1. Regarding the stretch 200-213, can at least one residue be identified that is more than 21 Å from the chain's Cα centre (by Cα) and of a type in the set (A, V, I, L, M)?
2. If you scan the stretch 23-64, which residues turn out to be surrounded by fewer than 24 Cβ atoms within 10 Å (Cβ to Cβ), out of contact with any Lys or Arg (no Cβ under 6 Å at 6 or more places or on another chain) and basic (K, R)?
3. Among I147, I200, which is the only one that is touching a strand residue (DSSP E or B) at 6+ places or on another chain (Cβ under 6 Å) and assigned by TED's automatic domain parsing to the domain that holds F52?
4. Tell me which residues, restricted to the stretch 102-125, are among the polar types (S, T, N, Q) and either modelled with pLDDT of 95 or more or touching a Leu at 6+ places or on another chain (Cβ under 6 Å) (or both).
5. Say whether the condition of being crowded, with 17+ Cβ neighbours inside 10 Å, outside the structural domain of R334 (by TED's automatic domain parsing) and within 16 Å of R48 (Cα to Cα) is met by at least one residue in the stretch 117-138.
6. Consider the stretch 171-186. How many of its residues are outside any helix (DSSP H, G or I) and either modelled with pLDDT under 95 or more than 14 Å from D246 (Cβ to Cβ) (or both)?
7. Just to verify a result, which residue in the stretch 313-362, among those that are among the polar types (S, T, N, Q) and surrounded by 24 or more Cβ atoms within 10 Å (Cβ to Cβ), is farthest from S431 (Cα to Cα)?
8. Return the total of residues in the stretch 268-312 being charged (D, E, K, R), out of contact with any strand residue (DSSP E or B) (no Cβ under 8 Å at 6 or more places or on another chain) and either surrounded by fewer than 17 Cβ atoms within 10 Å (Cβ to Cβ) or more than 28 Å from N422 (Cβ to Cβ) (or both).
Amino acid sequence: MSIRFGTSGWRAIIADDFTFDNVKRVSNAICSYLTTRPDLKKSLVIGRDSRFMGERFSDVAANIFAAKGFHVLLCGGPTPTPTISHAIRSQRAAGGINFTASHNPPEYQGIKFSTEDGAPALPEVTGSIEAAIEAGVLPPDMPGGSIVDFDPRPMYLDDLALKIRFDVIAAAKGRYAYDALWGTGRGYLNKALEDRGLEIETIHDWRDVTFGGRSPEPGKDHLDELRALVIDNRLTMGLATDGDGDRFGVIDADGTFVEPNQLVALLTDYLAESRGWIQGVARSVATSHLVDRIAGERGIPLYETPVGFKYIGELINKDEIILGGEESAGLSIRGHYPEKDGILACLLAAEAVAARGASLGEQLADIYRRVGRLESGRIGVKLTPEIAAKLKEKLARDPMDIAGRRIEKIERMDGVKFLFENNAWMLMRPSGTEPMVRIYAESESTADLDDLLRIGHDYLMN
């Protein structure tokens, strides 16, 4: 079978395409790529999330790399993706393999390869790996390999303390709830707050390979228990992370789910104010233009990237941005790693509330007063062969209008994005992690947003 790396690695259904044989193929291909880089230290970090068979798959990969002469740092338990990113950098490893399917449903497993900078591998790297898989490359065995148990948590938490103003959070004496969603954030985000003497109630903090029978995604529809905890106990905030800890979910004090688009804009505003940073801000093509308005008001550059945090990671590495974020709840900041970090994002939200003495809703109201309000959303359409053909045909068109709406500009950075008058836009693109077509839209009113999403669906289907 053909194996392809999407937006964030290769993902497939366990025992269907995600098999031990295919794990061996991918591992050998990554090893083949790394042997073309003699400038790198011959060591590798291997970790996993809490999915079914994760330890078995990671053991298979570790043994392959050890046989090829690599020193393997094998994480002993479920480990967040950003923690693996930090470990790659702190240990000066050649890269890292993470067995994770992130927020995908429990029947999925995946392999994510990160390069020596801790960033998700760029297309030119994954293209080389895919070619090696296709060719069936099998690197020769080499002496000197080893496997050691590795605990990256202490160093990661110590590093977080250099990025988050825990003294500010502690002084405010907030009370929190955390939903680990049976994922890797357990023992990380809650421990970071507990170690500062803060009260935090953690739920779903045990391993369940079914993730409660649904996707471990910290979206609005998955956080009812967390919302109830916040409201019933009058907590400061509810925090959540996904299966591998790289995505965030936040519930405000009044039980309102704070959309990722909103938090990306809010934290851009907060970091520019609190840190005095003057670098730019980056957002993906699918992310709210509210970020653009904050950048304009603050007088900082705005960078638009394709979907996929690897593109934002490049700007982090170059120290060109104070924050990079995606509407899919991915975020990192200046001086951190070129990888999404849901734990960091949640703690920054707590810091912003503590420092400003205002809830996230109150802070957003202030932003809307200053720069205006935007409403954003997305829907998904299952990607069938028929829909795929329609999408290809629609992406090739240059219409003057859609459903009577005049198009002012068309962008094809990633999918096709139609920009209309009155700051409205609509984007269509195939998902890089699931068999779906995503339709994103934004407008200045909720009613118009709903209309745009309906128009987008009809345009794709007809």
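1. yes
2. K24, R25, R37, K42, R56
3. Details: I200 fails: assigned by TED's automatic domain parsing to the domain that holds F52.
The match here is I147.
4. Start the filter on the stretch 102-125 by keeping residues that are among the polar types (S, T, N, Q), which leaves 102, 104, 109, 114-115.
Correct list: Q109, S114, T115.
5. yes
6. First, the residues of the stretch 171-186 that are outside any helix (DSSP H, G or I): 173-186.
This time we only want the ones that are either modelled with pLDDT under 95 or more than 14 Å from D246 (Cβ to Cβ) (or both), so: 173-179, 182, 186.
Here the count works out to 9.
7. Restricting to residues being among the polar types (S, T, N, Q) and surrounded by 24 or more Cβ atoms within 10 Å (Cβ to Cβ), the top hit is S332.
8. Within the stretch 268-312, the first condition is being charged (D, E, K, R), and the residues that meet it are 269, 273, 275, 283, 292-293, 297-298, 304, 310.
Remaining after also requiring out of contact with any strand residue (DSSP E or B) (no Cβ under 8 Å at 6 or more places or on another chain): 269, 273, 293, 297-298.
With either surrounded by fewer than 17 Cβ atoms within 10 Å (Cβ to Cβ) or more than 28 Å from N422 (Cβ to Cβ) (or both) added as a condition, the list becomes 273, 297.
The number of residues fulfilling the criteria is 2.
The values are calculated or read from the model by the stated rules, or taken from the named source; none is laboratory data. Because the structure is predicted, anything quoted here is derived from the model rather than measured. Note that we place each Cβ from the backbone using ideal geometry, even for glycine, and neighbour counts take in every protein chain shown.
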